[in-house]
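This report refers to the structure that appears directly beneath it.
The values are calculated or read from the model by the stated rules, or taken from the named source; none is laboratory data. What you see is a predicted model; the values in this text were computed from it and never measured. Note that each Cβ is placed from the backbone with ideal geometry, even for glycine, and that neighbours are counted across all protein chains shown. Heavy atoms of the whole protein, side chains included, go into the accessibility calculation; ligands, DNA and RNA do not. Shrake-Rupley method; radii C 1.70, N 1.55, O 1.52, S 1.80 Å.
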Amino acid sequence: MKTEIKLVDYLASRRSIPAFQMGRPGPGKAEVEEMLRLATRVPDHGKLAPWRFIVYRGEERARISGELKRMALAAKPDLSEELMKVEETRLTRAPVVIAVVSKAAPHFKIPEWEQMMSAGAVCLNLLMAANALGYASNWLTEWYAFDEKAYPLLGVAPGERIAGFIHIGTALVPPTERPRPELAEIVTWVGEEA
């Protein structure tokens, strides 16, 4: 199901599909493994591989989502019906959800910040790898990415952090464009043109 497109054309049109606008089919195990191999081809100063993956598939996604809903209700007992529905579908919106877990830690040479940026690069590479194999993808970090009380449920070890949840499936709707910043607003030129 691979797609063939020039990289520059892909980058000019890359868009995320909202996770709730994804459906089946999702990638099988071999495709996920290919995506993960591609995702690891990122800058990694010191060759530390300061990240790892947790792949959520099948019914386990619903069980974990139910537990996340219970945690959300414990924190906010007055949660609306609409928000309760959101909570119980956290990991079931797309057929496959992959957590990119940052293992950044103090190092004598490599700053933790560089290690965290490497995990962010893995997230982006994973989005692009999913797209290259013909799937829609979305990078989300929701409340449970930052709530360490949810980490045991999600399989995240002490000292680790979640860089993002990459939702992967088949787009149910075509992607839409969104406004992008004007270069004049975000670029500072220093020095003369060579």
Selection count where residues are open to solvent by less than 30 Å² (accessible area, probe 1.4 Å) and in a helix (DSSP H, G or I), scope the stretch 126-137: 5
Index of the failed condition, Leu172 passing every other in (1) surrounded by fewer than 15 Cβ atoms within 10 Å (Cβ to Cβ); (2) modelled with pLDDT of 95 or more; (3) of a type in the set (A, V, I, L, M); (4) within 26 Å of Leu83 (Cβ to Cβ): (2)
Every pair of residues 6+ apart whose Cβ atoms lie under 6 Å, when the first sits in the stretch 19-30 and is in a helix (DSSP H, G or I) while the second is open to solvent by 10 Å² or more (accessible area, probe 1.4 Å): Ala19/Arg93; Ala19/Asn138; Phe20/Arg93; Gln21/Leu172; Gln21/Val173
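Are any residues in the stretch 1-16 assigned to a loop (DSSP other than H, G, I, E, B) and either touching a Pro at 6+ places or on another chain (Cβ under 6 Å) or among the polar types (S, T, N, Q) (or both), and if so, which ones?
Initially, the stretch 1-16 is screened for residues assigned to a loop (DSSP other than H, G, I, E, B), giving 1-6, 14-16.
Thr3, Arg15, Ser16, listed by residue number.
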Restricting the stretch 97-125 to residues that are crowded, with 19+ Cβ neighbours inside 10 Å and among the β-branched types (Val, Ile, Thr), the residue that is nearest to Gly155 (Cα to Cα): Val101
Among the candidates Leu79, Leu36, Leu83, residue that is among the hydrophobic types (A, V, I, L, M, F, W, C), part of a helix (DSSP H, G or I), open to solvent by 20 Å² or more (accessible area, probe 1.4 Å) and farther than 21 Å from Ile162 by Cα: Leu83
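Quick check on the stretch 87-96. Is at least one of its residues acidic (Asp, Glu) and open to solvent by less than 60 Å² (accessible area, probe 1.4 Å)?
If we filter the stretch 87-96 for residues that are acidic (Asp, Glu), which is where we start, we get 87-88.
Remaining after also requiring open to solvent by less than 60 Å² (accessible area, probe 1.4 Å): 87.
Scanning the stretch 87-96, I find at least one residue that is acidic (Asp, Glu) and open to solvent by less than 60 Å² (accessible area, probe 1.4 Å), so the answer is yes.
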Residue tally, condition within 15 Å of Leu11 (Cα to Cα), among the small types (Gly, Ala, Ser) and touching a strand residue (DSSP E or B) at 6+ places or on another chain (Cβ under 8 Å), over the stretch 118-140: 3
Residue match in the stretch 154-165 (condition: part of a loop (DSSP other than H, G, I, E, B), open to solvent by 80 Å² or more (accessible area, probe 1.4 Å), out of contact with any Ser or Thr (no Cβ under 9 Å at 6 or more places or on another chain) and under 30 Å from Ser13 (Cα atoms)): no
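Taking the stretch 69-96 as the region of interest, how many residues are in contact (Cβ under 8 Å) with a residue 12 or more places away in the chain and over 18 Å from the mean Cα position of the chain (by Cα)? Steps first, answer last, please.
Taking the stretch 69-96 and keeping what is in contact (Cβ under 8 Å) with a residue 12 or more places away in the chain, we get 69, 71-73, 84, 87-96.
Subsequent filtering for residues that are over 18 Å from the mean Cα position of the chain (by Cα) retains 69, 71-73, 84, 88.
Of the residues in that region, 6 qualify.
Condition check: more than 20 Å from the chain's Cα centre (by Cα) and either under 19 Å from Pro25 (Cα atoms) or β-branched (Val, Ile, Thr) (or both). Does Ile110 satisfy that?
Numbers: more than 20 Å from the chain's Cα centre (by Cα): yes; either under 19 Å from Pro25 (Cα atoms) or β-branched (Val, Ile, Thr) (or both): yes.
In short, yes.
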Restricting the stretch 1-33 to residues that are open to solvent by 50 Å² or more (accessible area, probe 1.4 Å) and among the polar types (S, T, N, Q), the residue that is farthest from Gly155 (Cα to Cα): Ser13
Residue selected from the stretch 39-68 under the condition part of a loop (DSSP other than H, G, I, E, B) and open to solvent by 50 Å² or more (accessible area, probe 1.4 Å), by the criterion farthest from Gly120 (Cα to Cα): Glu59
